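Engineer: Please read through the structure below; I'll follow up with questions.
Please treat every number below as a calculation from the coordinates, not as lab data. Predicted, not measured: the structure shown is a model, and the values here were computed from it. Counting neighbours? That spans all protein chains shown, and the Cβs are built from the backbone with ideal geometry, glycine included.
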Ligand SMILES: [Zn+2]
C-alpha cells in the first residue's frame, strides 16, 4: 500500500513539475502580453516618481535661500538664511532626513518651524525640531486642534496667528495667510513674495485631482474660494505638500478648473437623473437604499460627464472623481440648490 501510494505520489509530483516547467517556458510566451509593473501604475494620467536613491530624499534649490525637500510622495520647503533656518511641515517619519538635507546646505540652526496645518502625516516629526528656542508658528485653529489631539510628537505653536502673520529673518519676508476653511480649519499658505514661491498643502497637488472627498473637505465652497484667492497672489511656483516636484501657477489654475468643472458636472448630473426614474427601475423597498441608488446614479453621471476631458489629464481621476461628484451633490442638497 505504502509503495503504491509512494509511486502514485511520485507520478503526481513529476506531472506537476512538468506542468510548471511547461507553463514557465510556454505559458508566459503564449499569453498576449506579459504583465509588467506599469500595468498597475495608472488608469489615466500618470507621472512616475523619480528614484530617490540611497539617501531617501532629494532637495532642489528653488530660489536664493529657498529649498524644496521631497521624499517622493511628500514634500515641503525650508529657507536657509544667514540668521537661521525656517522649516515647514516636518513630515512624519522623515524628520531625520530633513535634518540631513538642511545640513547639506547650511550649518545655521533652525529658528522657526511653521505648520501649514495640524495633520499628522505632514507634521508628525515636529518633536525632532522642537526645543532650543525654536519658535513654532501656526494658525490659531491649528493650535486649537493640536491642543485637542494632545500628541507629544506635534508640540503646540508658540505663535498662533489669526488671518495673517509676517515672519522676517535674514532679510527675507515670509507671509503666512489663512484663506479660510476647507481642508479642515487652519490650513494656511506660506508665501515668500520676494521669491514668488508659495506653499499650499493638500488642496492643489499638480496634475492630480484632489485627494479623496476633496482632501476630506469640511467646506467645499470655501475651499474652492480659497484657491481662487491664492491664485491672486504673485507667484511662479508652488509646493503642494505632495508629489516629487513643485507646481507652476498654470498647474494650480488647472486644478481650480477641475474644481469648477466638477461642480458644473454635478449640477448637470442632478438635472439628467430623475429620482422617479431610479425609483421605477429599482427592486428595493427600502427607502434609504433607494436614496443611496439615486445618489450613486447621480455621481456616476457626473463622472461620465467629466471623464473625456479629465481622466487623461490629471492623476487619481478613477480613484477620486465619483467621490468629488458626491461632495458637490451634498453641497447642492444641503447648502445651495443649483
Ligand atoms: Zn492634510
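Engineer: Largest first and to the nearest Å, give the Cα extent of the chain along each principal axis.
Structural biologist: The principal-axis extents, from largest down, are 86, 61, 38 Å.
Engineer: Related question: May I ask for the percentage of alpha-carbon pairs in segment 58-249 that lie more than 20 Å from each other? Can you show the working numbers first?
Structural biologist: Working: 9081 of 18336 pairs.
Result for the distance tail: 50 percent.
Engineer: Roughly speaking, what is the stretch gain from residue 264 to residue 194, that is 0.36 nm per residue apart minus the C-alpha to C-alpha distance, in nm to one decimal?
Structural biologist: Contour length minus the Cα-Cα distance gives 21.5 nm.
Engineer: Still on this structure, I have one more. Given the rule -39500 (n - 2.57) for each run of at least 4 DSSP H residues, summed and divided by the residues of the chain, what is its mean residue ellipticity at 222 nm, to the nearest 500 deg cm²/dmol?
Structural biologist: Values: 10 runs with 135 residues, N = 338.
The helix-only estimate for the chain comes to -13000 deg cm²/dmol at 222 nm.
Engineer: For segment 195-311, what is the convex hull volume of the alpha-carbon atoms per residue, in Å³?
Structural biologist: Details: hull volume 13.8 nm³, N = 117.
Measuring per residue, one finds 118 Å³ for the Cα hull of segment 195-311.
Engineer: Specify the angular offset, from 0 to 90 degrees and rounded to the nearest 10, of the alpha carbon long axis of helix 317-334 from the longest principal axis of the alpha carbons in the chain.
Structural biologist: The angle comes out near 60 degrees.
Engineer: OK, next. Could I have the simple spin-label model distance between residue 336 and residue 232, label points 7 Å from Cα toward Cβ, reported in nm to one decimal?
Structural biologist: About 1.6 nm, to one decimal.
Engineer: Let's test this: bin the Cα-Cα distances of segment 262-334 at 10 Å from zero up to the farthest pair and state each bin's percent.
Structural biologist: 21, 48, 25, 5, 0
Engineer: Which one, 112, 161, 291, has the greatest fluctuation when you compute a Gaussian network model over the chain with C-alpha springs under 10 angstrom?
Structural biologist: Judging by the Gaussian network model, the answer is 291.
Engineer: If you don't mind, another one. Over the chain, what is the mean sequence separation of C-alpha contacts under 8 Å (at least six apart), divided by residue count, expressed as relative contact order in percent? Could the numbers behind the result be given before it?
Structural biologist: Working: 581 pairs, mean separation 47.7, N = 338.
Reported as a whole number, the value is 14 percent.
Engineer: Looking only at 71, 284, 106, which one moves most when the chain is put into a Gaussian network model with springs between Cα atoms under 10 Å?
Structural biologist: 284
Engineer: Please provide three numbers in whole Å: the alpha-carbon extents of segment 91-166 along the principal axes, with the largest listed first.
Structural biologist: 34, 27, 19
Engineer: For segment 160-220, what is the convex hull (Cα atoms) projected area averaged across all directions, in square nanometres?
Structural biologist: Details: hull surface 19.4 nm².
Projected over every direction and averaged, the Cα hull of segment 160-220 covers 4.9 nm².
Engineer: Please give, to one decimal in nm, the separation of the simple spin-label points placed at residue 280 and residue 248, each 7 Å out from Cα toward the Cβ.
Structural biologist: The answer from the label model is 5.1 nm.
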